[in-house]
Amino acid sequence: MSQIQNPTPLAAPDQVKVTAVTHWTDKLFSFQTDRPPSFRFQSGEFAMIGLADNDGKVVTRAYSIASPHWDDHLEFYSIIVPDGPLTARLRHIQIGDDIILRPKTTGTLNLARLRDGKRLYLLATGTGFAPFASLIRDPKTYERFEKVILVHGCRTITELGYSQKIVADSRAHPLIGEMVTAQLHYVPSVTRENFTQTGRITKLLADGKLVSTLVLPPLDADYDRIMICGSIGLNQDIAAQLLAKNFQEGNLSSPGDYVIERAFVGNGI
Ligand code: FAD
Ligand code: A2P
């Protein structure tokens with residue numbers, strides 16, 4: 001009598017397994033998951049990730065994908081909000097745990113939304129660095145722009161740990177290292193401690209210190225393209241500076257000079 005064999009169990013839909021976790025500060029951690037073969041995304045996009053609680057209720061939130069599109073793992077960089085519906089539990093994930101990953105990806109920090117230019121400025125505060133961790137490892141970024149200037153603003157030096165490591169690893173990477181070393185300028189800045197570079201990104205832009213330190217010409221809508229990812233306040237303040245210099249926001253049907261993504265949705269918004 002023939003026996004019907006149970007097929008190998010398939011992974012539950014929309015679930016991925018955690019393969020690595022690193023805590024950078026008491027409020028910031030990054031983690032990797034395996035990547036379903038069908039999961040595709042463009043550098044700079046975000047996906048919905050989440051956890052189910054013991055009653056099966058699912059909480060998902062938007063997360064920028066920090067890993068490059070060519071990697072066989074997915075990586076995310078996360079804040080810990082002490083009473084946050086998701087991160088109060090996500091902070092405890094360990095290797096081997098399952099998390100929910102919805103297959104749809106989207107986002108405005110897309111190279112296709114920008115006109116051609118000479119220099120690309122990537123301006124981030126806090127976890128707003130995450131989408132740029134992907135973009136600075138995409139060879140297309142360096143084919144489109146001669147220079148890529150990544151500015152990461154945080155309150156303290158330890159909060160720069162993740163971006164410092166990603167940039168150092170990218171410079172040493174056997175496939176993209178040469179490109180990154182030649183074309184990427186990394187400007188970490190802190191606002192609440194002494195450091196080699198201090199001050200808010202808005203101020204570094206407004207007083208011209210950013211470009212003068214890098215020996216670059218003043219921002220010019222004919223040559224410079226900008227991506228911004230931070231709090232609503234930062235996004236609005238930088239957009240106001242750019243509009244005053246005649247930069248135009250880009251979209252897919254009409255690529256422009258700058259694009260903006262919120263790194264998070266603020267309280268009550
Ligand atoms: P929530 O109820 O979602 O948030 C509570 C409060 O915490 C918010 O009102 C806000 O004041 C604050 N907060 C939330 N997220 C942050 C943050 N990242 N930095 C500072 N303060 C915050 N978060 C990440 O950690 N990494 C990402 O890559 C990321 N990408 C995002 C992309 C998009 C397009 C958007 C809209 C949000 C993104 N977020 C990201 C925020 C994320 O969706 C959640 O808000 C965050 O994980 C906290 O979830 P929570 O349920 O614990 O608390
Ligand atoms: P500051 O220390 O002067 O508030 P947060 O941890 O609150 O998300 O802030 C991350 C970084 O973003 C900090 O260096 C903070 O500077 C800076 N920041 C906050 N709001 C703005 C803004 N509207 N414009 C420029 N930088 C900002």
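Restricting the GluC sites (Glu not before Pro) of segment 176-265 to loop positions (DSSP other than H, G, I, E, B) with no more than 13 neighbouring Cβ atoms within 10 Å leaves 193. Relative to the dominant Cα principal axis of the chain, helix 161-171 is inclined by about 80°. When peptides 135-146, 113-124 are ranked by their average number of other Cβ atoms within 10 Å per residue, the highest-first order is 113-124, 135-146. On the beta carbon distance between residue 206 and residue 62, with R0 = 25 Å, the FRET formula returns roughly 0.30. Full extension of the segment from residue 244 to residue 106, taken as 0.36 nm per residue of separation minus the current Cα-Cα distance, would add 46.8 nm.
Cα centroid separation, segment 155-179 to segment 100-136: 16 Å. Projected onto its three principal axes, the C-alpha set of segment 32-114 covers 41, 24, 19 Å, listed from the longest axis down. Each residue of segment 218-227 was assigned a 3J(HN,Hα) from its phi angle through the Karplus expression (A = 6.51, B = -1.76, C = 1.60, θ = phi - 60°), giving x, 4, 9, 4, 6, 10, 9, 10, 10, 10 Hz with x at Gly and Pro.
Say the cut-off is 22 Å between C-alpha atoms; which of 140/245; 118/165; 147/209; 209/245 go over it? Listed pairs above 22 Å: 140/245; 118/165.
Computed over the chain, the percent of Cα pairs more than 31 Å apart is 27.
Among all the aspartates and glutamates, which ones have a C-alpha under 12 Å from residue 203's C-alpha, if same-chain residues fewer than 8 places away are not counted? Candidates past the 8-residue exclusion: 237. When both bridge partners sit in the chain, DSSP labels roughly 50% of those beta bridges antiparallel.
Rounded if a/c is under 1.5, else prolate if a/b is larger than b/c, else oblate: which is segment 230-269, with a ≥ b ≥ c the root eigenvalues of its Cα gyration tensor? Taking the square roots of the gyration eigenvalues as a ≥ b ≥ c, segment 230-269 is oblate. Helix 232-244 and the long axis of the chain differ in direction by around 40°, with both axes built from C-alpha atoms. Largest GNM mean-square fluctuation among 74, 252, 204, using the chain with Cα springs under 10 Å: 252.
Where a number appears in this text, it was derived from the coordinates with a stated rule and is not lab data. Keep in mind that this is a model prediction, so the values were computed, not measured. Methodologically, a virtual Cβ is constructed for each residue, glycine included, from the backbone with ideal geometry; neighbour enumeration extends over all protein chains shown.
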